[in-house]
Amino acid sequence: MHRVQFMAYRSAIAGALDQYQLLSLHSLSKPCHIQSIRQKTQGSVENYGLKRFSTAEATVATSENGRIRGRTLTMETLNPHVKAVEYAVRGPIVIKAGEIEKGLQQGVKKPFTEVIKANIGDAHAMGQPPITFLRQVVALCTCPELLDSPIIPEDAKLRARRILQDCDGNSLGSYSASQGVECIRKDIAAYIQKRDHGVPASWDDIYLTSGASDGILTILKLLVSGHGRTRTGVMIPIPQYPLYSAAISELNAVQVNYYLDEDNCWALDVNELHRAFRTAKQYCNPRVLCIINPGNPTGQVQSKKCIEEVLHFAYEEKLFVLSDEVYQENVYSPDCRFHSFKKVLYEMGAEYFNNVELASFHSTSKGYTGECGFRGGYMEVVNMDPEVKAQLVKLLSVRLCPPVAGQAAMDVIVNPPQPGEPSFPKFLEEKTAVLGALAEKARLAERTLNAVPGIQCSPVQGAMYAFPRIFIPPRAVEEAKALGMTPDMLYCLRLLEETGICIVPGSGFGQKEGTYHFRMTILPPTEKLKLLLEKVQSFHIRFLQEYSAIEEPLR
């Protein structure tokens, strides 16, 4: 029954897209034009206009003359690179979850009362409260009248005044420079230098972005070129965050997969980088190496030794390094520590530090703030050719500037309350509570999932997700193939329809052939996360029983 419903749902979506039409209404205002129309028609101008521009009438008229005007933009004429883009985090499972949620609101009976969306790292949507100080500063910037309020602390006012003084017209509503507000760029450079224990950072290398995704896509645009065997190859980890595969498809670059070692807590093995690079050289020109640390969806935190090996590899092969570090605050394992690629590069010596081209990215969306909706972020770009740097500024200027409210939020993250300031005690309490809860939920997810027969979950060392491997019986694999979907898609769809839990199949992130996974966020409140994990446990056992798995589940 569930499988029939899914096929019907897929057909309904396709039909809805085919039937979609745009109706353009044109207003008539010039007197001479109106008089001309009155001479040619009987009845009111309004009725004539409706008749003249009716889609149905026009179709009939042109059909009678044997000429039917087709649409300019169809699936056949659509940019093929757009058609190739896939983004599993907001894919068909999530669309189906929205349908089910609406049905529940309308009284449709299901074996559950709510949809639990664990598909995306959206902290506030999961109930995480905002950090008070961040919201106070952004509120002051947005509504300067609040600067006179006695209930808002002076350290928040001080930061807001400083940001507003650097905005044209002293208003957050004005455009900023394309690279971002100057004082915020300077605060970011100071933050990086402090984070990296004195490694120099220049505010001229800092660019504010609309979230980290915007910066990553911008740098990739600079790097992609060539045709055939000269096309730019972009090396990405598998599993990966689907932003990368989507951007590569959109830009018509070549995706070069290197596989993380699941048996070793998703570690990055430099020998695998060499293998992937050598293979790719046969059909493209690998120029870019993407790293996600801490990992998404895999949650691993790279050691300093591993980072050194990766940077040495990039140096030898002349690769531009993209270091996605948006989860740098999200490290939970006591045995792990975040090391920025910039810091490690500096410690490797001048030959490396002055030559390896590196862009690193951070965001307001993750960490302990979880302010996804502000779309704030930055990138630091080092060792870029000065002439290319001018082209980067040109490219950024096309979009005018990133959201200035998001820039203000980013400033608070890099310039938070300090000891001795009035907001510090409350800020520290809130930050500690958020990160402490995430660490506990990471351990809870790992422990619970590993207790389920046929599920194996590596330690969640960092980030916001668990990415367990699931055993899917051969009969279920065959059924999924018959339905034209991946086995883990079938698994996640069944889980959604039977329990109301929305997670993302591992195939949306990439995985070794013959293995199956799903990604779930650890962000829900603890009690809801416990409920989610209990439902996954019960469902998985039922799923194995239904397909009569004889084989010993993978452990």
Report summary line: Among (1) open to solvent by 30 Å² or more (accessible area, probe 1.4 Å); (2) at positive phi, Gly370 falls short only on (1)
Requested in this report: Could you please give the count of residues in region 376-391 that are over 22 Å from Lys343 (Cα atoms) and crowded, with 22+ Cβ neighbours inside 10 Å?
Outcome: 1
Query - Enumeration of residues in region 316-359 that are more than 23 Å from Phe277 (Cα to Cα), more than 21 Å from the chain's Cα centre (by Cα) and of a type in the set (A, V, I, L, M) - result: Ala350
Query raised in the report: Could you list, in sequence order, the residues of region 512-549 that are within 26 Å of Lys366 (Cβ to Cβ) and buried (at least 21 other Cβ atoms within 10 Å of the Cβ)?
Result: His517, Phe518, Arg519, Met520, Thr521, Ile522, Leu523, Pro524, Leu529, Leu532, Leu533, Val536
Report summary line: Checked region 183-204 for anything more than 20 Å from Met384 (Cα to Cα), free of Cβ contacts under 8 Å to residues at least 60 places away in the same chain and open to solvent by 50 Å² or more (accessible area, probe 1.4 Å); matches are Lys194
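Results for (1) among the aromatic types (Phe, Trp, Tyr); (2) more than 21 Å from Ala123 (Cα to Cα), shown as yes or no for each residue.
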{"site": "Phe427", "(1), (2)": "yes, no"}
{"site": "Glu430", "(1), (2)": "no, no"}
{"site": "Val434", "(1), (2)": "no, no"}
{"site": "Lys441", "(1), (2)": "no, no"}
{"site": "Thr448", "(1), (2)": "no, yes"}
{"site": "Gly454", "(1), (2)": "no, yes"}
{"site": "Cys457", "(1), (2)": "no, yes"}
{"site": "Ala463", "(1), (2)": "no, no"}
Report task. Return yes or no: is Gly226 out of contact with any helix residue (DSSP H, G or I) (no Cβ under 7 Å at 6 or more places or on another chain), buried (at least 22 other Cβ atoms within 10 Å of the Cβ), among the small types (Gly, Ala, Ser) and more than 24 Å from Gln461 (Cα to Cα)? Result -> no
Query raised in the report: Which ones in region 293-305 are open to solvent by 20 Å² or more (accessible area, probe 1.4 Å) and without any contact (Cβ under 8 Å) to a residue 40 or more places away in the chain?
Result: Ser303, Lys305
Query raised in the report: What tally of residues in region 417-433 results from selecting those that are crowded, with 17+ Cβ neighbours inside 10 Å and among the aromatic types (Phe, Trp, Tyr)?
Result: 1
Query raised in the report: If you go through region 298-306 one residue at a time, do you hit one that is on the phi > 0 side of the Ramachandran plot, in contact with a strand residue (DSSP E or B) (Cβ under 8 Å, 6 or more places away or on another chain) and among the small types (Gly, Ala, Ser)?
Result: yes
Report task. Kindly provide the set of residues from region 461-493 that are open to solvent by 30 Å² or more (accessible area, probe 1.4 Å) and either more than 21 Å from Asp261 (Cα to Cα) or touching a Lys or Arg at 6+ places or on another chain (Cβ under 8 Å) (or both), ordered by number. Result -> Pro474, Arg475, Glu478, Glu479, Lys481, Ala482, Leu483, Gly484, Thr486, Met489
**Report entry** Among residues of region 496-535, those that are among the hydroxyl-bearing types (Ser, Thr, Tyr) and closer than 17 Å to Phe471 by Cα, counted
**Finding:** 3
Report summary line: Counted residues in region 160-180 being assigned to a helix (DSSP H, G or I) and open to solvent by less than 20 Å² (accessible area, probe 1.4 Å) come to 3
Report task. Mind listing whichever residues of region 434-460 are assigned to a loop (DSSP other than H, G, I, E, B), touching a residue at least 40 places away in the same chain (Cβ under 8 Å) and open to solvent by less than 30 Å² (accessible area, probe 1.4 Å)? Result -> Val452, Gly454, Ser458, Val460
Requested in this report: Filter region 494-504 down to residues that are open to solvent by less than 10 Å² (accessible area, probe 1.4 Å) and either of a type in the set (Lys, Arg) or not in a helix (DSSP H, G or I) (or both), then give me how many there are.
Outcome: 5
Report summary line: Quick count over region 126-161, residues being in contact (Cβ under 8 Å) with a residue 12 or more places away in the chain, charged (D, E, K, R) and under 18 Å from Thr364 (Cβ atoms), is 1
Report summary line: How many residues of region 319-341 are over 17 Å from Asn296 (Cβ atoms) and surrounded by fewer than 21 Cβ atoms within 10 Å (Cβ to Cβ)? The answer is 3
Query raised in the report: Restricting attention to region 139-146, does a residue exist that is closer than 30 Å to Lys441 by Cα and either touching a Phe, Trp or Tyr at 6+ places or on another chain (Cβ under 8 Å) or modelled with pLDDT of 85 or more (or both)?
Result: no
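The values are calculated or read from the model by the stated rules, or taken from the named source; none is laboratory data. These numbers were taken from a predicted model, which means no experiment stands behind them. Heads up, the Cβs are rebuilt from the backbone with ideal geometry, glycines too, and the neighbour counts pull from every protein chain shown. Just so you know, the surface numbers come from the protein's heavy atoms only, side chains and all, with ligands and any DNA or RNA stripped out. Shrake-Rupley method; radii C 1.70, N 1.55, O 1.52, S 1.80 Å.
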